[in-house]
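Enquirer: Have a look at this one.
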Amino acid sequence: MNLKRFFFQLTLLFLPIFSAFSQQFTVDQRVADLLSKMTLDEKIGQLNQYNDDHTATGPVTLDSDKGGQIRNGQVGSLLNCLGTERTRKWQEIAMQSRLKIPLLFGQDVIHGYKTTFPIPLAESCSWDLEAMKLAARVAAVEASASGIHWTFAPMVDVARDPRWGRVMEGSGEDTYLGSLIAKARVQGFQGNKLGDLDAVMACAKHFAAYGAAIGGRDYNAVDMSDRMLWEVYLEPFKAAEEAGVATFMNAFNDINGIPATGHKHLQRDILKGQWGFTGFVVSDWGSIGEMINHGTVKDGYEAALSAITAGSDMDMESRNYKNHLAQLVKDGKVPVALIDDAVSRILRKKFELGLFDDPFRFSDPEREKKALNNPDHVRIAREVAAKSIVLLKNEGNILPISKSVKTIAFIGPLVKPLKQNKGFWDVEVPGVDSTFIVSQWEGLKNKIRPETKLIYAKGCAIEGTDKSGFAEAVEAAKQADVVIMSIGERRDMSGEAKSKAHIVIPGVQEELVKEILATGKPVVVMINAGRPLVFPFISKNVPAILYTWWLGSEAGNAIADVLFGDVNPSAKLTMSFPVSVGQIPIYYSHFNTGRPAYDDNNHNYNSSYLDESIFPKYEFGFGLSYTTFTYSNLKLDKKVMKTGESVQVSLQVTNSGKVAGEEIVQLYLRDKVGSIARPVKELKDFAKVKLAAGETKTITFTITEEKLAFYNSNLEKKAESGEFDVMIGASSRDIRLNDGFVLQ
Ligand code: BGC
């Protein structure tokens, strides 16, 4: 054993003693004590985050001596380093540094770790906060057992432009729902408290307004009023902060000309000032250096100055902190106090995670093995996936398919693939191959009776013009009693840097659908995608359509559950689906305008399109079930609400069909006259109710003053007296009950 190794082993031996000793001090005292021992270089090291060699999610800078830098205390965190073995290896090197400050391992655990869940946009369509919290919990249990301390999730960017590929990563277009989901996901990832072995730090990203990139082009500029920023885009971040999120990530975009990474007002004044955020902010990948391209700084030196001044604590991959901060301090441009603040924020989290007491506590291979092979996780993933499937159309009740059907043709390029089901942000867990994913084919095979004949034909590829497989597919369809088709996008067609001007079903897939329909057989089309797509032929002509997004590793089983009615679909869209790209951005909570258009037949100098509908194809809040629901008996406990009071809204929902089902009942409000214009409708509450066939339940909502408040022109959030419309809907367009009250 060499000398270094000997001392290292010795340190490990004494860790429990250090640990008992350390518990006498508060985290703040321990941070202050450690900070007082650090050189400026060591402090800057803590602000430096590198990509490991495992995978890259952005342009990579190769370091010849990452290990050497870690040993010298020049690196605070690694990303894309996963698995107990690999994290342990790097951590052992960090333990050879002078102050033995452990590394933080961060990873994009966006929709599951080994067990993959539906992409976040799909999951949001469940409107099931407990399910989303549980999905994040499972991801945290697996990731934390595999060496990960920190996930770069949830993405809480409101997104109203499906050309932007990253809509797949968020919760859709609505601020209210998005804020509740942000909170649920943060709670899921972080569990009871940081420091528990199964908790990972969450990260609210991308601060801020990244989802409003002009033209839906990723990384593009954002031009936005303060009111819009506060009312629509910042609220989910605030919700994440209030839920105790440990970290924030800033963004690639500029906002009104100021890059988010160098945005002092956002990060220092609002986040760390007004909101009192005590965690730390990590830059986005290389975003500190990218301020040179934005044209707000001349070089890396100025970029580092701008970012640290603005409150970006950790530099992901750009190396500008490492290369320039020391000089900036020497030149008197950056006070050491700024660096100390950033370092303290990061160290605090390392202490809270318990890493100083045991730097290897998340790197236990036995725990990893168990967590990654937990059958409960698989069951939960299947349930959440089924909850995320949206039934868009079911003419003639083709669905659910009877289990006694004799022959099924299962056609399309997404029937057999495994990995496509996982979606954009799947994690390549070391040593795990793809066989744990249930293909759609397997899922169906598992479900049907042995005597049912299942015929497969690919028909065509996802992309390209090759129609040579059409004939075989048509033949398969002709032999079947029912045809199920699985078409859509490849998993990397929606995601980061995957903006599209044509959000259509790629290749010749729609043409294949046309040919199959021509056989006259009953056809069900499932669309797998990461964003709302435009598919006019299918919408119009196919009798049954399921939007299956990317559902994760249990996609096949979940799809089969829904196709055969073991699960009655209950999801509703959280993003409007446009009729055509020309309508974008299209969202339900728009202003009325001075010349509102109410239908598509009247273009008399009003706010409409001459050549297109003003309505979406499928609106926010829309989704069908195998049963039907009727709404009745809307009652408000008062017609006049005084300051400090609330209004109780009650109504009855009845399952008027023949099978049990779940309905998402939505409460929308409209503030009829405001000091500034108010949207025609805003979601303010909802309830997801389970009803047996024929059953009726009473639902109650409470409208508080908080729900009536909005940001006025002084950016104060206040409710204003006046009339409010109350609308109870099965979607944002399908309003079933109306009433109103006055706030005095
Ligand atoms: C993305 C972030 C992600 C980071 C690390 C960036 O390109 O914008 O959302 O967390 O890479 O992978």
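The values are calculated or read from the model by the stated rules, or taken from the named source; none is laboratory data. Bear in mind the structure is a predicted one, so any value in this text is a computation, not a measurement. Neighbour counts run over all protein chains shown; Cβ positions are idealised from the backbone, glycine included. Surface accessibility is based on the protein's heavy atoms, side chains included, excluding ligands, DNA and RNA. Shrake-Rupley method; radii C 1.70, N 1.55, O 1.52, S 1.80 Å.
Enquirer: Against the definition (buried (at least 19 other Cβ atoms within 10 Å of the Cβ) and over 27 Å from the mean Cα position of the chain (by Cα)), how does residue 344 come out, yes or no? It would help to see each step written out before you state the result.
Expert: Working: buried (at least 19 other Cβ atoms within 10 Å of the Cβ): yes; over 27 Å from the mean Cα position of the chain (by Cα): yes.
When the stated conditions are applied, residue 344 passes them.
Enquirer: Quick check on segment 34-76: of everything there that is modelled with pLDDT of 95 or more and among the small types (Gly, Ala, Ser), which residue is surrounded by the fewest Cβ atoms within 10 Å (Cβ to Cβ)?
Expert: Among those that are modelled with pLDDT of 95 or more and among the small types (Gly, Ala, Ser), it is 36.
Enquirer: So which residues in segment 353-374 are open to solvent by less than 30 Å² (accessible area, probe 1.4 Å), part of a loop (DSSP other than H, G, I, E, B) and more than 20 Å from residue 37 (Cα to Cα)?
Expert: 353, 360, 362, 363
Enquirer: Every residue in segment 485-502 that is among the acidic types (Asp, Glu) and in contact with a strand residue (DSSP E or B) (Cβ under 8 Å, 6 or more places away or on another chain), please.
Expert: We begin by selecting, within segment 485-502, every residue among the acidic types (Asp, Glu); these are 489, 492, 496.
Residue satisfying the conditions is 489 alone.
To keep it simple, each residue is scored yes or no on (1) touching a Pro at 6+ places or on another chain (Cβ under 6 Å); (2) assigned to a loop (DSSP other than H, G, I, E, B); (3) open to solvent by 30 Å² or more (accessible area, probe 1.4 Å); (4) closer than 20 Å to residue 262 by Cβ.
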residue	(1), (2), (3), (4)
308	no, no, no, yes
322	no, no, yes, yes
327	no, no, yes, yes
351	no, no, no, no
376	no, no, yes, no
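Enquirer: Here's another thing I want to ask about it. Taking residue 434 as the residue in question, decide whether it is in the same structural domain as residue 492 (by TED's automatic domain parsing) and of a type in the set (Ser, Thr, Tyr). Show your work before the answer.
Expert: Values: in the same structural domain as residue 492 (by TED's automatic domain parsing): yes; of a type in the set (Ser, Thr, Tyr): yes.
Against the criterion (in the same structural domain as residue 492 (by TED's automatic domain parsing) and of a type in the set (Ser, Thr, Tyr)), residue 434 qualifies.
Enquirer: Tell me, please, whether a residue that is crowded, with 17+ Cβ neighbours inside 10 Å and touching a helix residue (DSSP H, G or I) at 6+ places or on another chain (Cβ under 9 Å) can be found in segment 627-638.
Expert: no
Enquirer: Which helices (runs of 4 or more DSSP H) sit wholly inside segment 77-193 and have at least 2 residues that are modelled with pLDDT under 95 and away from the ligand (no atom under 13 Å from the Cβ)? Let's see the steps before the verdict.
Expert: Working: elements: 84-94, 120-124, 129-145, 175-190.
Here the list reads 84-94.
Enquirer: Moving on to the next point. With the requirement that a residue be polar (S, T, N, Q) and either open to solvent by less than 30 Å² (accessible area, probe 1.4 Å) or in contact (Cβ under 8 Å) with a residue 12 or more places away in the chain (or both), what does segment 188-237 give you? Show your work before the answer.
Expert: In the first step, residues of segment 188-237 are kept if they are polar (S, T, N, Q); the result is 190, 192, 220, 225.
Within segment 188-237, 190, 220 qualify.
Enquirer: Another question, then. Name the one entry in 687, 677, 693 that is part of a loop (DSSP other than H, G, I, E, B), more than 20 Å from residue 235 (Cα to Cα) and not assigned by TED's automatic domain parsing to the domain that holds residue 572.
Expert: Numbers: 687 fails: part of a loop (DSSP other than H, G, I, E, B); 677 fails: more than 20 Å from residue 235 (Cα to Cα).
After ruling out the rest, the residue left standing is 693.
Enquirer: Restricting to segment 263-295, count the residues that are touching a Pro at 6+ places or on another chain (Cβ under 8 Å) and either outside any loop (DSSP other than H, G, I, E, B) or over 16 Å from residue 205 (Cα atoms) (or both).
Expert: Of the residues in segment 263-295, 3 are touching a Pro at 6+ places or on another chain (Cβ under 8 Å) and either outside any loop (DSSP other than H, G, I, E, B) or over 16 Å from residue 205 (Cα atoms) (or both).
Enquirer: Please state which of the following conditions residue 164 fails to meet, knowing it meets all the rest: (1) in contact with a strand residue (DSSP E or B) (Cβ under 7 Å, 6 or more places away or on another chain); (2) under 22 Å from residue 233 (Cα atoms); (3) among the aromatic types (Phe, Trp, Tyr).
Expert: (1)
Enquirer: State yes or no: is residue 605 of a type in the set (Ser, Thr, Tyr), under 30 Å from residue 568 (Cα atoms) and either open to solvent by 20 Å² or more (accessible area, probe 1.4 Å) or in a loop (DSSP other than H, G, I, E, B) (or both)?
Expert: It is false that residue 605 is of a type in the set (Ser, Thr, Tyr), under 30 Å from residue 568 (Cα atoms) and either open to solvent by 20 Å² or more (accessible area, probe 1.4 Å) or in a loop (DSSP other than H, G, I, E, B) (or both).
Enquirer: Which numbered condition trips up residue 505, out of (1) open to solvent by less than 80 Å² (accessible area, probe 1.4 Å); (2) closer than 30 Å to residue 120 by Cα; (3) in contact (Cβ under 8 Å) with a residue 40 or more places away in the chain?
Expert: (3)
Enquirer: Something else: Do we find that residue 198 is within 13 Å of the ligand (Cβ to nearest atom), at pLDDT 95 or above and assigned to a loop (DSSP other than H, G, I, E, B) in this structure?
Expert: Taking the combined requirement at face value, the residue does not satisfy it.
Enquirer: Now for a different question. How about segment 209-221: which of its residues are outside any helix (DSSP H, G or I) and more than 20 Å from residue 295 (Cβ to Cβ)?
Expert: Kept after step one, since they are outside any helix (DSSP H, G or I), are these residues of segment 209-221: 209, 213, 217-221.
Answer for segment 209-221, where residues must be outside any helix (DSSP H, G or I) and more than 20 Å from residue 295 (Cβ to Cβ): there is none.
Enquirer: Another question, then. In this structure, does residue 695 turn out to be open to solvent by 40 Å² or more (accessible area, probe 1.4 Å) and at pLDDT 95 or above? Steps first, please.
Expert: On the way: open to solvent by 40 Å² or more (accessible area, probe 1.4 Å): yes; at pLDDT 95 or above: yes.
Answer is yes for this residue.
Enquirer: Take residue 668 and decide whether it is open to solvent by less than 60 Å² (accessible area, probe 1.4 Å), more than 17 Å from residue 572 (Cβ to Cβ) and at pLDDT 95 or above.
Expert: Details: open to solvent by less than 60 Å² (accessible area, probe 1.4 Å): yes; more than 17 Å from residue 572 (Cβ to Cβ): no; at pLDDT 95 or above: yes.
No: the conditions fail for residue 668.
Enquirer: Please state which one of 657, 594, 565 is on the phi > 0 side of the Ramachandran plot and out of contact with any Cys (no Cβ under 6 Å at 6 or more places or on another chain). Spell out how you get there, then give the answer.
Expert: On the way: 657 fails: on the phi > 0 side of the Ramachandran plot; 594 fails: on the phi > 0 side of the Ramachandran plot.
Sole residue among the options that is on the phi > 0 side of the Ramachandran plot and out of contact with any Cys (no Cβ under 6 Å at 6 or more places or on another chain): 565.
Enquirer: Among 144, 124, 97, which is the only one that is hydroxyl-bearing (Ser, Thr, Tyr), within 26 Å of residue 344 (Cβ to Cβ) and either under 14 Å from the mean Cα position of the chain (by Cα) or buried (at least 22 other Cβ atoms within 10 Å of the Cβ) (or both)?
Expert: On the way: 124 fails: within 26 Å of residue 344 (Cβ to Cβ); 97 fails: either under 14 Å from the mean Cα position of the chain (by Cα) or buried (at least 22 other Cβ atoms within 10 Å of the Cβ) (or both).
Of the residues listed, the single one that is hydroxyl-bearing (Ser, Thr, Tyr), within 26 Å of residue 344 (Cβ to Cβ) and either under 14 Å from the mean Cα position of the chain (by Cα) or buried (at least 22 other Cβ atoms within 10 Å of the Cβ) (or both) is 144.
Enquirer: Right, next: So, of the residues in segment 404-427 that are among the charged types (D, E, K, R) and touching an Asp or Glu at 6+ places or on another chain (Cβ under 9 Å), which turns out to be surrounded by the fewest Cβ atoms within 10 Å (Cβ to Cβ)? Please lay out each step first, then the result.
Expert: Going through segment 404-427, the residues among the charged types (D, E, K, R) turn out to be 406, 416, 419, 422, 426.
Of the ones still in play, those that are also touching an Asp or Glu at 6+ places or on another chain (Cβ under 9 Å) are 406, 416, 419.
Values: 406: 13, 416: 16, 419: 16.
Step by step, filter segment 404-427, then rank; the result is 406.
Enquirer: May I ask you to list the residues in segment 235-263 that are within 16 Å of the ligand (Cβ to nearest atom) and among the small types (Gly, Ala, Ser)?
Expert: Of everything in segment 235-263, those that are within 16 Å of the ligand (Cβ to nearest atom) and among the small types (Gly, Ala, Ser) turn out to be 240, 246, 251, 260.
Enquirer: Another question about this same structure. Residue check: is residue 703 in the same structural domain as residue 645 (by TED's automatic domain parsing) and open to solvent by 20 Å² or more (accessible area, probe 1.4 Å)? Don't jump to the end; show me each part of the working.
Expert: Working: in the same structural domain as residue 645 (by TED's automatic domain parsing): yes; open to solvent by 20 Å² or more (accessible area, probe 1.4 Å): no.
So residue 703 does not fit the description; no.
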